[in-house]
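What follows is a set of notes on a single structure, which appears directly below.
Just so it is clear, none of the values below were taken in a lab; they were calculated from the coordinates. Predicted model only: the values in this text are computed from it and were never measured. Reconstructed Cβ throughout: ideal geometry from the backbone, glycine too, with neighbour counts over all protein chains shown.
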Amino acid sequence: MADQRRPQRPTGKGKPPARSGGKPPARGGKPDSKGRPQEGGKSSTRAAGKSAGPSSFDKSRGGRPARKGEWRRPVEKQAPRTADQAVYDGPELPPEITGAELDRAVTAQLKGLPEKLAARVARHLAAAGALLDEDPETAYQHTLAARARAPRLAVVREATGEAAYASGHYAEALAELRAAKRMNGATAYLPIMADCHRALGKPQEALKLAKSPSVANFSAEAKAEMTIVEAGARRDLGQLDAALRTLELAPLTSKSRSSWVVRLRYAYADTLEAAGRDQDALAWFHRTHAIDSEELTDADERAAALEKRLG
């Protein structure tokens, strides 16, 4: 996961908190969009329409029962699925996933699709949301199947981008989130996009996004996420003092116990330790642990390691 790659992000005992903008729509919804629906609802790889063959199952020709006017080749005579066809099919959908798990804001955006197509896309998005923490790669494959069916919906591109990010496909995540942003104009993706630039070895691009005018209008949580990424980019460039100044301008002493405050404090403590200020780092690891009731970080373990080293 991305948490193990960047030292400024919590790497603790619990599940990593959602980055700004949340997780794929299956887990709580995202900004609304008005993407144009994809036309049609049948895969080009499936037999469809009428043919000159028999109108019902014909044992003399082999194959399996088909709809009226349709004949299907026996499984053993079918050509292997291509890579594109495999992506379109996606992973097997668990029978308990119905698509009803999605946030209403998401399902509303699927209503422009044909009914059966919308149902299939919804199930893939819901499956992605359910698997994101435990199996992000499979979650990503589910979103790719949804994208293959409805590439013009911003909510689908957004889900694909966030699943790609969670599974470490940073170039793909950046491309998908850019596409979603073009479709709906949302800026909530900027912290993730900036972090993708960091992962791809382009901290300067991350800093450009961190200075976007829209950041000023972010919620406190989104601003904290961008601050963490910006400080990380400074560290990537070897600018530890600048990274510390960036974090010190954030509300580190907020009385809130929200996860974004936990993450800010942890990032600050980690950067202090990287700068060789061990005593200050120890104090901030303790301050982080004091409000980390959900154990999102390993602040207690980091503090214990520092105390042992300092004697």
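Worth pointing out:
- FRET efficiency for the pair Asp278 and Asp135, taken as 1/(1 + (r/R0)^6) with r the Cβ-Cβ distance and R0 = 41 Å, rounds to 0.60.
- The order of Lys111, Lys181, going from fewest to most other C-beta atoms within 10 Å of their C-beta, is Lys111, Lys181.
- Charge sum, other residues only, whose C-beta stays under 9 Å from Arg234's C-beta, Lys/Arg counted +1 and Asp/Glu -1: -1
- Counted by neighbouring Cβ atoms within 10 Å, the residues Ser212, Ser167 run from fewest to most as Ser212, Ser167.
- Expressed in units of 2.2 N^0.38 Å, where N is the residue count, the Cα radius of gyration of the stretch 251-311 is 1.02.
- Magnitude of the charge dipole for the stretch 187-250, about its Cα centre and with charges confined to Cβ atoms of Lys, Arg (+1) and Asp, Glu (-1), is about 160 debye.
- Calculated from backbone phi, Karplus (6.51, -1.76, 1.60) coupling profile of the stretch 120-127 in Hz, x at Gly/Pro: 5, 4, 4, 5, 5, 5, 5, 5
- Residues Lys116, Lys223, Lys255 in ascending order of nearby Cβ atoms (within 10 Å, fewest first): Lys255, Lys116, Lys223.
- Highest to lowest packing among 146-153, 234-241, scored as the average C-beta count within 10 Å: 146-153, 234-241
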